[in-house]
Every structure is written in structure tokens, then in C-alpha cells.
Amino acid sequence: MPDETPTTEPSADDASAVVATAEVPPEPDPVVAQLAARFEVGLGDGLRDWADAFGHLVVRVRRDAWRPAAELAKRDLACDFLSFVAGIDWRPADKSEGDEGGDTSSPVQPTEMTFGAAGAEGRFQVFAHVESTSRHWGVTIKVDVEEANPRVPSWVGVYPGADWHERECWEMFGITFDGHPSLRHLYLPGGFEGHPLRKDFPLLAREVKPWPGLVDVEPMPGGDEEGGE
Amino acid sequence: MGLVEKGVLGRKPLKPVTWLLNYSRKYSLWMFQWGLACCAIEMGAALASPRFDMMRLGVIPFPASPRQADLVVISGTVTDKMAPAIKRLYEQMPDPKYVISMGSCANCGGPYWDSYSVTKGVDQIIPVDIYIPGCPPRPEALLDAIVMLQERIQNEGIGNDELASRWRGEPVEVA
Amino acid sequence: MTTTQPPSQMPGFEVDRAALAHLADAQVNVELDTGDMILNMGPQHPATHGTLRLVVRLDGERVIAADPVIGYMHRGYEKLTEFRTYPQVTTLINRIDWLSSFANEVPFVHAAERLMGIEAPDRARYVRTILTELSRIATIYLFLGEMGLQVGALTPAFWGFRDREHVLNLIEGATGGRFHPNFNRIGGLKDDLPWGWVADCRAAMDRILTGCDDFEKVLVGNEIFEARTRGVGIIPAELGAAYGVSGANLRASGIDWDLRRDGQPYLAYPELDIKVWTHADGDSFARYWVRLQETRESARMVLQLLERLPSGPVMAKVPRIIKVPEGECWVETENPLGQMGYYVVSKGATGPFRVKIRSASFSNVSILPWLLRGVYVPDVVTILGSLYFILGDIDR
């Protein structure tokens with residue numbers, strides 16, 4: 001449990017943990033708690049926080065514990081299978097505030113920055129999921145990334161499959177992985193500018209013309225006359 | 001034979017000659033398959049599946065290179081990374097050449113109309129003769145497109161001012 | 001030109017036959033230094049099933065290094081999902097792995113349902129399982145046929161396309177779409193099965209089982225097929241897992257791991273009698289063999305499910321405007337090509353905040369630079385074929 005851990009910043013972490021676990025039952029899965037205890041023992045201070053997200057363990061580690069966390073998962077927890085390494089940008093997307101033109105059709109997200117399970121410190125996070133093929137459990141490991149200087153150590157030495165995932169993450173978010181053999185474009189053509197999955201990367205097609213589905217708005221059957229919200 | 005390109009047939013060739021040339025062209029279409037995405041599987045079903053069997057329409061789907069092809073079917077999503085290769089292979093095809101754009105993605109971008117990496121329609125790169133709507137179109141739709149194309153070929157004039165321009169590879173206006 | 005005779009017949013030119021023979025020997029024994037050759041396979045090549053480009057550095061016929069260049073089919077799914085509502089996303093993710101569209105929808109819909117705390121009714125669960133298995137058969141059947149094509153046997157490809165139509169007819173009959181059913185709704189299914197569908201399905205499964213026997217007879221015992229696939233492209237179990245290779249590719253390396261049985265319980269799989277097939281060899285042949293057995297197993301599973309199909313509604317009560325509460329959820333399923341998962345982060349809006357899509361082929365193909373080192377060019381084709389990837393699933 002987060003309150004038992006001698007974490008370095010208890011106040012911030014506890015607040016975010018409460019938000020994250022508000023939806024799930026308070027008693028974590030026994031396997032999840034057991035796995036979390038293993039991380040606590042193995043990483044000590046390196047473990048910032050953990051949460052139980054629908055039966056899956058989510059741990060957040062310090063940046064210098066990012067690679068040790070992978071080694072721990074692979075060696076001690078038998079997590080031999082690398083599922084993915086990816087990034088996330090917690091910043092809310094730019095929205096045109098109800099004015100005409102621009103992107104009006106996509107779902108409206110909250111405008112304040114909130115963080116998911118196990119919390120976060122800044123805008124960017126890298127998260128990875130590893131699994132055990134023999135014990136059938138899995139762990140999601142998160143690490144905060146500085147916005148000004150986004151870099152984390154690479155996992156290629158532990159899981160060779162991280163190679164392409166990290167290239168993708170570098171391309172999509174602009175996060176550098178120290179120790180990666182060759183960070184070059186994976187999906188996009190060489191001259192592509194920008195990092196598409198950052199929230200401030202606009203989809204120009206949406207700005208230029210409104211969503212085609214808006215042309216034929218029909219009242220929904222069984223709904224009110226105006227066609228719902 | 002170069003009869004058309006050199007203008008040997010004159011301004012108004014005899015009708016039977018036109019008919020014969022077009023008739024032989026339309027039933028020996030060598031089709032280059034440019035399978036890109038989901039539509040490629042439906043194209044494969046149209047070609048290889050006994051249920052549809054495209055070869056009965058006189059379409060030969062096995063040219064070794066675009067240099068032997070009369071027709072290319074662009075079936076699937078065209079991305080900005082792929083676009084130069086499509087243009088290049090189209091340019092390698094001998095004239096007269098025909099293009100079928102199969103599926104919403106090749107027509108206009110389809111479900112990826114707002115994506116940052118998808119070309120919004122293959123007609124931005126190469127001229128298209130026939131568009132097949134659908135996501136993906138059924139194999140029957142592709143067969144119908146082939147029949148339509150054959151009709152179009154049959155009715156093409158090959159006099160100097162009519163089709164010779166196309167045979168010489170001059171750009172076609174896409175309506 | 002006055003001298004037309006070759007130099008060997010000119011006066012004074014004596015041929016030392018022994019020396020010549022020695023020279024010829026030396027020519028054979030000396031390794032010819034040909035220099036490396038770069039071979040570009042694709043982006044449009046029949047062996048790459050679409051638009052994978054493989055840059056191969058060759059020494060003679062042997063591959064020294066291979067670098068897959070992907071992204072020719074990159075459509076930006078993860079970005080697009082952030083601009084769609086939850087029901088709209090299922091339309092989109094149908095097209096990730098376009099052969100098994102229905103199976104793609106399931107994990108995403110599950111993630112949304114889990115976050116919302118609703119559960120699909122029993123009948124919907126069963127029908128979902130049936131359709132997932134049908135799309136698995138439709139996907140792998142194409143592989144069973146095409147693998148023959150990779151080694152030069154044309155007949156199985158036609159069989160594959162022929163029998164696949166029966167399954168596609170079933171999917172079309174139930175959902176209205178041959179390829180992209182978009183049949184899942186958050187909380188259940190769009191519709192119930194039509195009249196007579198169950199009987200048709202039974203008949204089709206019998207055909208599939210016979211078809212599998214045919215493949216086994218024609219290919220598995222075939223001398224050429226064995227020579228081309230046995231001992232080719234061996235993936236060691238540990239390395240495969242560390243690369244994230246999953247599904248039948250990993251089971252063919254001897255790892256007994258199937259999310260239908262071992263993962264978090266989903267659909268009706270916990271109630272079924274499932275056998276997970278593995279093979280110890282890890283070569284191309286093992287991958288073919290495992291997939292063949294899995295197709296049979298799927299057909300048997302469908303028959304089991306049809307026996308137990310419960311009655312009742314196919315749609316749970318859900319609000320008309322779907323808003324998914326704040327939270328994040330990872331759902332993984334065993335798709336025809338391997339492990340497929342969605343990490344859905346929601347912020348309480350009508351659309352997801354971030355969706356990380358873990359597609360199987362991406363990781364399966366990422367082992368290629370390692371796997372292709374040192375093999376011969378013809379084997380590249382069989383290895384690519386036996387890994388069985390869908391380009392949309394790599395590039396997303």
C-alpha cells in the first residue's frame with residue numbers, strides 16, 4: 001500500500017493515488033500487492049508509487065531506477081515478455097473554445113492537467129508493459145520525463161525488443177533514449193517535422209474542414225427533438 | 001505496333017479497325033496489383049478465389065513488372081511515405097495505361113481523412129479512370145469496375161485527335 | 001585488323017595444360033570476393049504481403065544484415081483515436097489487422113466496459129467468442145494456403161481462398177460485413193444472430209475441419225515443404241519472448257502461453273475446454289504446424305460454443321451518450337496474430353485521452369533483423385511467410 005512505503009514525496013503521491021484508485025475497489029488484488037512488494041524491496045527509494053488498475057499492477061519509478069526496474073522485472077519477477085514501450089503526453093489538447101472554424105467535432109477533454117494511475121510529475125511519461133509467460137502476470141512500469149530535456153535510459157540491453165518501440169516513442173514524442181543503438185525514423189518519412197503524438201501537434205485536415213459527419217445531423221430516435229447533446 | 005502513335009491510321013480510321021483493336025485490348029488487360037491494405041485481400045479474393053475468378057474477364061494479374069502492365073489497381077490506403085513509389089511505378093507503365101482506385105482510402109483518404117500521414121486520395125498523385133467506393137469494396141465491385149473499364153476501352157476512338165494523345169502518354173484530364 | 005586468330009593459336013604460344021588445370025582449381029578454391037550487395041525487397045513485393053520493405057545486405061546468396069523499413073502503411077491510429085468518440089474508435093480499429101477485424105474490436109470494447117463497470121450479457125459474450133474464433137479461422141486459413149505459395153505450391157492458396165469464403169459468409173450473415181463488421185457495441189452487440197445461422201455455422205465448421213485435413217495431407221508430409229521449412233528461421237524461446245514475439249510464433253518455440261487460457265479471463269474462454277498447442281522446434285515448420293492445429297482447435301471451440309449458446313438479450317443497459325469515467329486500463333487478448341492489447345487512458349470524456357495500441361505483428365516482425373542474419377535469400381521468403389504478419393498490424 002502506498003501509505004506503508006517510505007516514499008520521498010508522500011504528500012504529492014498520496015493525493016494522486018487517491019484520485020487514481022477512486023474508481024477501483026480499495027482492496028488490491030493479492031498478486032498485485034505481492035508484486036508491488038517485490039518492487040519495493042528491489043528498488044527501495046527508486047519506487048515512487050504504485051496502483052492497482054483493474055487487476056494490473058502499475059508502478060512509477062524514478063528515472064535512475066528505470067533500467068533497474070526492467071532488470072528486476074525480468075530477473076526476479078520472471079517477466080520475460082516485453083509487451084510494449086510507449087509514451088504519454090498528459091497535457092490537455094489545444095481546443096478552439098467554441099468559436100467557429102477549427103476542430104469542433106472531436107470529443108471535449110478536460111482542460112486541466114490530471115494524471116492517471118500512480119501519478120506523474122510533469123507532462124511526459126514513458127510507460128512500458130512486461131509480462132511473464134510462465135507466471136501469467138504483468139506489470140506496467142512508468143517513469144516521469146523532464147519536459148525541457150526529455151530523455152530516459154534505453155531498455156534495449158534488457159529487452160532487445162525495446163528497439164523498435166523506443167524508436168517509435170522517439171519519433172512520436174521526441175523522447176530520447178540514452179544508450180539506444182540507432183534512433184531514427186521508424187514510421188514517418190525522413191523529412192517529417194514534429195512529433196505527432198504530442199498533444200500540441202494539430203491534425204491540419206480537421207482544422208481545414210469540419211468533420212464530414214456534421215453535415216447530416218439527424219434527430220436520434222427516442223431522444224429529444226434537438227438531437228441530443 | 002506504333003500504328004496509332006505514329007498516326008498511320010489517319011484522322012478517321014475504319015470502324016472495324018477501331019473495333020478490332022479495342023476489342024483485343026480490352027480482353028487482354030495485364031493488371032498490376034498494387035495491394036496496399038484491406039482492399040488488397042478483397043482484390044486477392046477476386047483474383048484467386050474460385051467464387052469470383054477475375055481471369056474469366058480477360059484480366060491477367062501476373063505481370064512481372066509494371067512495364068508489362070496496362071492497368072494498375074491501387075487498392076488500399078496511400079500514405080505520404082508510399083506516394084513517391086506509386087508515382088514512380090505508374091510512370092514506368094507503358095501507354096495507354098489505366099488506373100482503378102479501389103476503396104475509400106485510395107479515393108479520398110476514407111476513415112483516415114484527418115490523419116497526418118495518409119494521402120487524401122491517390123488522384124492527387126496519378127490520374128484515375130475508375131473509382132470504386134466501399135470500405136473495402138466487395139470483390140464483385142472490382143469485377144464491375146473491370147467491366148466498366150472494358151466498356152470504356154471498347155468505345156475509345158483511336159483516331160489522331162481522339163485517343164492518340166492518350167497512347168502517346170499525354171496527360172489525361174480527370175473529370 | 002590483320003590478326004584475326006586468337007592469341008592461343010599464335011606462333012610461340014604454348015599452352016601448359018597442367019598449369020591451366022591448376023589455375024582452374026585455384027579459381028574454385030579461392031573465395032571470390034564479390035563485395036556486398038544491397039537487395040531491396042519491397043515495398044511492393046509478393047513475399048512481403050503488402051508494403052513491407054526489406055533492405056538486405058547480401059554476400060553472394062547469404063544475408064549478412066537485414067533491415068526492415070516499415071511505415072508505408074502508417075495511418076496514425078493512436079493519434080486518430082484521440083479525436084474520436086468511443087463508438088467511433090471501434091470503426092477505426094477494425095482496420096488495424098484487417099483480416100481479423102472482429103478480434104480487434106474485442107479488447108478495446110472490453111477496456112471501455114471495464115472502465116465503465118458494465119458487463120455484456122451472457123449471450124453477447126458467447127456470440128463475441130464465436131465471431132472472434134471465426135475471424136481467427138478466416139485469418140489463419142489464408143496463411144495455411146499462402147505458406148504453400150511461398151514454397152511453390154499453388155493449389156493450397158486456392159483452397160485457402162475457397163474455404164475462407166464459407167467463414168466470411170458466416171461473418172457477413174451475422175454482422176453484415178465481410179471484412180469490417182463493426183458489430184461490437186460497448187455493452188454488447190448490435191444484433192442477435194439471424195435465423196438458421198447456427199446450423200450454417202456447424203456445416204461450415206465441418207468443412208473447415210476437412211479443409212485442415214487436406215492441408216495436412218498436401219503440405220505437412222510433403223518432402224519439398226519439409227526441406228524448405230524445417231530448421232529454417234529458428235526463434236529461441238527466451239529471445240522470442242524478450243523481443244515480444246507472441247501468439248503462435250511463440251508457442252511454436254515451445255512456450256506454453258495462450259491468453260485465452262492464461263490471461264485475465266475474458267469472453268467465454270474460461271468455460272471452454274481448450275487445448276493449447278505448442279511445438280518444440282521453433283522453426284518455420286513448427287509455426288505452420290501450430291497454426292494448423294490451432295485452426296482445428298478454433299473450429300472445435302466454435303462447435304462447443306454453439307452447443308452451449310445461452311439465450312437472452314445481447315445488449316446491456318448503457319447510457320445513450322457513452323462517457324467513460326476517469327481511469328486507465330490495460331486489456332490484452334489473444335488475437336490470431338498474437339497478443340493484442342489496448343492501454344486506454346480516459347479522462348471522463350466521450351472519447352479516449354490516449355490509447356496505446358499493442359499490435360502483435362509489430363513485435364513479431366521486430367525480430368527479423370536478428371532472425372534473417374545468415375540465412376539464404378530463398379529462406380527469407382519462407383521465414384517472412386511463416387511469421388505471418390499483416391502490414392496494418394505492424395504499422396498501425
Discussion item. When you check residue B:80 against the structure, is it acidic (Asp, Glu) and at the interface with another protein chain (Cβ under 9 Å from one of its Cβ atoms), yes or no?
Written reply: yes
Worksheet item: Here are C:238, C:223: which of them is more than 29 Å from residue C:128 (Cβ to Cβ) and within 14 Å of chain A (Cβ to nearest Cβ)?
Response: C:238
Worksheet, complete the sentence: The residue that is nearest to the other protein chains (Cβ to nearest Cβ), considering only those in the range C:85-97 that are surrounded by 24 or more Cβ atoms within 10 Å (Cβ to Cβ) and assigned to a loop (DSSP other than H, G, I, E, B), is C:95
Worksheet item: When you look at residue C:282, is it more than 12 Å from chain A (Cβ to nearest Cβ) and either crowded, with 16+ Cβ neighbours inside 10 Å or closer than 26 Å to residue A:164 by Cβ (or both), yes or no?
Response: yes
Worksheet item: Within the range C:292-313, is even one residue under 17 Å from residue C:340 (Cβ atoms) and crowded, with 16+ Cβ neighbours inside 10 Å?
Response: yes
Item to complete: Answer yes or no as to whether residue C:300 is away from every other protein chain (no Cβ under 11 Å), out of contact with any Phe, Trp or Tyr (no Cβ under 8 Å at 6 or more places or on another chain) and not hydrophobic (A, V, I, L, M, F, W, C).
Response: yes
Worksheet item: Which ones in the range C:259-271 are out of contact with any Asp or Glu (no Cβ under 7 Å at 6 or more places or on another chain) and crowded, with 20+ Cβ neighbours inside 10 Å?
Response: C:266, C:267, C:268, C:269
Fill in: Top-ranked residue in the range C:349-371 [being in contact (Cβ under 8 Å) with a residue 40 or more places away in the chain, in a loop (DSSP other than H, G, I, E, B) and open to solvent by less than 10 Å² (accessible area, probe 1.4 Å); ranked as nearest to residue C:52 (Cα to Cα)]
C:367
Worksheet item: When you go through (1) more than 22 Å from the chain's Cα centre (by Cα); (2) open to solvent by less than 10 Å² (accessible area, probe 1.4 Å) one by one for residue C:225, which number turns out not to apply?
Response: (1)
Item to complete: Would you check if residue A:157 is in a loop (DSSP other than H, G, I, E, B) and crowded, with 18+ Cβ neighbours inside 10 Å?
Response: no
Fill in: Enumeration of residues in the range B:121-175 that are surrounded by fewer than 19 Cβ atoms within 10 Å (Cβ to Cβ), modelled with pLDDT of 75 or more and assigned to a helix (DSSP H, G or I)
B:123, B:124, B:140, B:141, B:143, B:144, B:147, B:148, B:151, B:152, B:154
Worksheet item: Residues in the range A:174-205 that are under 20 Å from the mean Cα position of the chain (by Cα), of a type in the set (Gly, Ala, Ser) and either farther than 26 Å from residue A:158 by Cα or at the interface with another protein chain (Cβ under 8 Å from one of its Cβ atoms) (or both): how many?
Response: 1
Item to complete: Would you point out the residue of the range B:99-129, among those that are among the polar types (S, T, N, Q) and under 22 Å from residue C:89 (Cα atoms), that is farthest from the other protein chains (Cβ to nearest Cβ)?
Response: B:107
Discussion item. Just to check your reading of the model, which residue among C:119, C:146, C:133, C:113 is more than 30 Å from residue C:379 (Cα to Cα) and under 19 Å from the mean Cα position of the chain (by Cα)?
Written reply: C:133
Item to complete: Confirm whether residue C:8 is modelled with pLDDT of 65 or more and open to solvent by less than 80 Å² (accessible area, probe 1.4 Å).
Response: no
Discussion item. Restricting to the range B:64-79, name every residue that is over 22 Å from residue C:168 (Cβ atoms) and surrounded by 18 or more Cβ atoms within 10 Å (Cβ to Cβ).
Written reply: B:66, B:69, B:70, B:71, B:72, B:74, B:78, B:79
Item to complete: Select from the range C:75-84 the residues that are out of contact with any Leu (no Cβ under 7 Å at 6 or more places or on another chain) and not small (Gly, Ala, Ser) and write down the one among them that is farthest from the other protein chains (Cβ to nearest Cβ).
Response: C:82
Discussion item. For a quick check of your reading of the model, give me the residue pairs whose first member lies in the range C:320-348 and is facing chain A (nearest Cβ under 10 Å), whose second is acidic (Asp, Glu) and surrounded by 24 or more Cβ atoms within 10 Å (Cβ to Cβ), with beta-carbon atoms closer than 6 Å and at least 6 apart or on different chains.
Written reply: C:339/C:332; C:341/C:332; C:345/C:328
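The values are calculated or read from the model by the stated rules, or taken from the named source; none is laboratory data. These numbers were taken from a predicted model, which means no experiment stands behind them. Cβ: placed from backbone, ideal geometry, glycine included. Neighbour counts: every protein chain shown. Surface accessibility is based on the protein's heavy atoms, side chains included, excluding ligands, DNA and RNA. Shrake-Rupley method; radii C 1.70, N 1.55, O 1.52, S 1.80 Å.
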